[in-house]
């Protein structure tokens with residue numbers, strides 16, 4: 001068994017501590033950027049939904065500002081965002097490199113995407129439900145929590161799944177700022193040094209990660225479908 | 001009492017074009033009555049009713065409920081006021097992720113009731129709308145009529161004094177419509193709740209309303225007691241609405257189609273008699289036939305009880321001497337029964 005493994009993946013075993021470190025780095029980046037991005041994207045998506053024309057807290061100025069900024073950041077390729085945001089990263093995180101330095105660009109790269117996903121999920125709520133809640137004397141805050149969020153747990157779970165998987169993809173590029181992670185590991189050894197087994201191992205780990213995220217998302221969405 | 005005074009509601013139609021959905025409408029709805037607002041879609045009736053709970057704020061005019069101008073309330077006060085005004089909708093608007101009990105309990109949050117009291121209240125409401133066995137069902141598992149019953153229970157959760165019904169039966173089949181209307185009538189009788197019904201179906205008005213306002217192009221063209229409106233509709237639109245509910249209006253079509261037995265033979269007159277007063281009890285047709293020596297052939301009859309009094313009429317073919325027929329028609333008219341001559345076959349030209 002061990003011999004087969006050595007034969008199949010000689011380089012991987014050689015670089016195993018680096019491999020584990022890469023998994024850990026990717027995990028940290030996804031969890032941190034994901035958690036921060038989830039909160040920010042959710043808030044921005046809600047603000048877009050309630051301030052839109054005919055929304056419960058209609059406000060054209062706020063809506064327009066968030067709308068434009070979201071489009072702006074969505075149109076910048078992540079690889080450019082990574083370097084462009086280095087000064088901001090230094091300001092917020094104290095460094096622009098390593099895993100810590102990648103969090104800020106990852107948040108900026110995923111929040112606009114997630115904001116649109118949230119906006120789209122919330123827009124599926126029947127306006128009649130909002131009107132009914134208003135007629136029952138619900139406050140705007142209650143309408144957000146008890147109607148918009150409560151009634152779109154399924155679509156929001158799906159939106160989160162899609163964003164988390166795309167975030168996982170973004171972390172592969174974070175190697176540019178020396179953040180490490182699986183993408184960087186695969187490029188450094190698998191590609192640059194032609195260690196094919198390392199590329200394969202990375203891909204397998206990523207497939208597992210994507211499958212787990214998708215399964216969790218689907219599970220939550222399914223549980224809230226009535 | 002709900003007093004809508006000089007209500008105007010205008011919308012900006014995308015660009016600069018202004019649309020007046022409601023134009024200077026004044027309506028007073030008394031406590032405990034079932035008030036109907038009828039009109040075709042786009043007549044402004046939904047916009048008008050949304051001014052009662054300010055889901056849509058009127059551009060100008062005042063909305064008074066029990067003497068209080070609610071357009072002057074703060075946002076918080078308005079939310080409290082809305083809890084006393086229940087509303088039901090054409091498409092029910094139940095929360096799909098909540099059970100029947102969860103939907104009915106929705107407006108009871110912050111009501112100060114304990115969890116046990118909320119459960120008790122929900123069960124009481126479910127019993128009221130006859131759905132006790134559906135407490136834990138989800139809306140998707142219910143029929144349209146059941147969904148509307150849940151919506152009614154939810155609208156009644158805070159013991160409102162007013163219930164607004166926005167086309168609540170328009171998405172339901174006729175049988176279910178009748179059962180929902182019966183329920184509304186029961187709630188009005190048992191709880192004394194004032195009900196404002198919006199509809200495009202004259203049947204709904206006929207079955208449950210005390211008074212009615214007829215709307216067209218944002219204006220109320222006619223309003224009054226339902227019996228009076230049915231007996232003496234003044235506006236063409238009102239007449240058209242009434243026609244949709246009566247079989248007597250079918251006679252013109254039947255004559256056109258040449259159905260046997262409908263068309264008058266030579267020397268006969270086809271007439272429609274309409275009862276317009278609450279005290280028609282004389283056997284008018286047979287009296288007239290005897291007195292003027294005529295044959296009266298009743299080919300259609302449709303009499304209904306509206307607002308506690310019979311209303312409707314008959315379609316009759318009179319056969320006899322030409323001058324006697326005229327006298328008979330005059331005699332019946334003198335008894336305050338409307339007579340329309342649909343087809344006169346006495347003069348062949």
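Rule-based calculations on the coordinates, nothing more; no lab input. All values reported here derive from a predicted model rather than from experimental measurement. Note that we place each Cβ from the backbone using ideal geometry, even for glycine, and neighbour counts take in every protein chain shown.
Using a Gaussian network model of chain B with C-alpha springs under 10 Å, which one of B:111, B:246, B:165 is most mobile by mean-square fluctuation?
Of B:111, B:246, B:165, the most mobile in the Gaussian network model is B:111.
Please compute the Cα-Cα pair-distance distribution of the protein assembly as shown with 20 Å bins starting at 0, giving whole percents from short to long.
Spelled out bin by bin, the protein assembly as shown gives 17, 34, 26, 15, 7, 2, 0 percent.
When B:82, B:57 are ordered from fewest to most other Cβ atoms inside 10 Å of their Cβ, what list results?
On the way: B:82 24, B:57 11.
Going from least to most buried by this count: B:57, B:82.
Ranking B:201, B:190, A:151 by Cβ neighbours within 10 Å, fewest first, what do you get?
Going from sparsest to densest Cβ surroundings: B:190, B:201, A:151.
Quick one: work out the % antiparallel among DSSP beta bridges in the stretch B:2-243, nearest 5.
Details: 21 of 40 bridges.
Taking every DSSP beta bridge within the stretch B:2-243, about 50 percent pair in antiparallel fashion.
Please report how far the C-alpha centroid of the stretch A:181-196 lies from that of the stretch A:93-135, rounded to the nearest whole angstrom.
When both Cα centres are located, 32 Å separates them.
Calculate the translational D of the stretch B:2-243 in whole µm² s⁻¹ from Stokes-Einstein, where the hydrodynamic radius comes from the Kirkwood formula applied to all Cα pairs, the temperature is 10 °C and the viscosity 1.306 mPa s.
In µm²/s, the coefficient is 86.
Specify the angular offset, from 0 to 90 degrees and rounded to the nearest 10, of the alpha carbon long axis of helix B:174-191 from the longest principal axis of the alpha carbons in chain B.
Approximately 70 degrees, to the nearest 10.
Taking only the alpha-carbon atoms of the stretch A:1-85, what semi-axes of the equivalent ellipsoid follow from 5 times the gyration tensor eigenvalues under a square root, in whole Å, largest first?
In descending order the semi-axes read 46, 15, 10 Å.
Could you state the angle between the C-alpha long axis of helix B:115-128 and the longest principal axis of the C-alpha atoms of chain B, as a value from 0 to 90 degrees rounded to the nearest 10?
Approximately 10 degrees, to the nearest 10.
Rank B:76, B:239, B:154 by mean-square fluctuation in a GNM of chain B with C-alpha springs under 10 angstrom and give only the top-ranked residue.
B:76
May I ask for the Kirkwood hydrodynamic radius of the stretch A:132-223, worked out over all distinct Cα pairs and given in angstroms to one decimal?
Roughly 15.8 Å, rounded to one decimal.
Ratio of Rg to Rh for the stretch B:63-130, alpha carbon only, Kirkwood?
Looking at the stretch B:63-130, the ratio lands at 1.03.
Residue B:179 versus residue B:265, label points 7 Å from Cα toward the beta carbon: distance in nm?
Going by the 7 Å Cα→Cβ label model, 4.9 nm.
Once the piece of chain linking residue B:344 and residue B:321 is laid out straight, how much longer is it, given 0.36 nm per residue of separation minus the C-alpha distance between them?
Here the answer is 7.0 nm.
Roughly what would the spin-label model give for residue B:219 and residue A:57, points 7 Å off Cα along C-beta, in nm?
Output for this residue pair reads 4.2 nm.
Determine, from the Cβ-Cβ distance of residue B:1 and residue B:252 and an R0 of 45 Å, the FRET efficiency 1/(1 + (r/R0)^6), rounded to the nearest 0.05.
Numbers: r = 42 Å, r/R0 = 0.94.
The pair residue B:1/residue B:252 has a calculated efficiency of 0.60.
Which distance in nm do the two modelled labels at residue A:80 and residue B:31 give, with both placed 7 Å along the Cα-to-Cβ direction?
So the two model labels end up 7.0 nm from each other.
Semi-axes, largest first, in whole Å: what does sqrt of 5 times each Cα gyration tensor eigenvalue give for the stretch B:233-349?
Values for the stretch B:233-349, descending: 23, 19, 12 Å.
Give me the Debye-computed log₁₀ of I(q)/I(0) at q = 0.09, 0.10 Å⁻¹ for the stretch A:2-223, equal point scatterers on Cα only, no solvent, two decimals.
Once normalised to I(0) and log-transformed, intensities are -0.45, -0.54.
Mind giving me the FRET efficiency for residue A:71 and residue B:303? R0 is 51 Å, r the Cβ-Cβ distance, nearest 0.05 is fine.
On the way: r = 67 Å, r/R0 = 1.32.
Here the calculated transfer efficiency is 0.15.
Which angle from 0 to 90°, rounded to the nearest 10, does the C-alpha axis of helix A:153-171 make with the longest principal axis of chain A?
The angle comes out at about 30 degrees.
Using the Kirkwood formula over every pair of different C-alpha atoms, what hydrodynamic radius in Å results for the stretch B:30-159?
When all Cα pairs of the stretch B:30-159 are included, the Kirkwood radius is 16.3 Å.
Using a Gaussian network for chain B with springs between C-alpha atoms less than 10 Å apart, which of these wobbles most: B:162, B:205, B:311?
With Cα springs under 10 Å in chain B, the top fluctuation among B:162, B:205, B:311 is at B:311.
What is the Å³ per residue value for the convex hull set by the Cα atoms of the stretch B:178-258?
111
What percent antiparallel are the DSSP beta bridges of the protein assembly as shown, to the nearest 5?
70
Per residue of A:20-33, how many C-beta atoms from partner chains lie within 10 Å of its own C-beta, taken as a mean?
Per residue, the number of nearby Cβ atoms from other chains is 0 on average.
At q = 0.13, 0.21, 0.22 Å⁻¹, work out log10 I(q)/I(0) for the stretch A:39-125 with the Debye formula, treating every Cα as an identical point scatterer and leaving solvent out; two decimals please.
Log10 I(q)/I(0), no solvent term: -0.47, -0.93, -0.98.
Kindly provide log₁₀ I(q)/I(0) values, in the same order as q = 0.10, 0.11, 0.18 Å⁻¹, from the Debye equation applied to equal alpha-carbon scatterers of the stretch B:115-242.
Here log10 of I(q) over I(0) equals -0.38, -0.45, -0.99.
Hey, with R₀ at 60 Å, roughly what FRET efficiency would residue B:333 and residue B:69 work out to, going by the Cβ-Cβ distance, to 0.05? Can you show the working numbers first?
Details: r = 49 Å, r/R0 = 0.81.
The value I calculate is 0.80.
Starting with the fewest neighbours, write out A:148, B:331 ranked by other beta-carbon atoms found within 10 Å of each beta-carbon.
Working: A:148 23, B:331 16.
Final ranking by Cβ density, sparse to dense: B:331, A:148.
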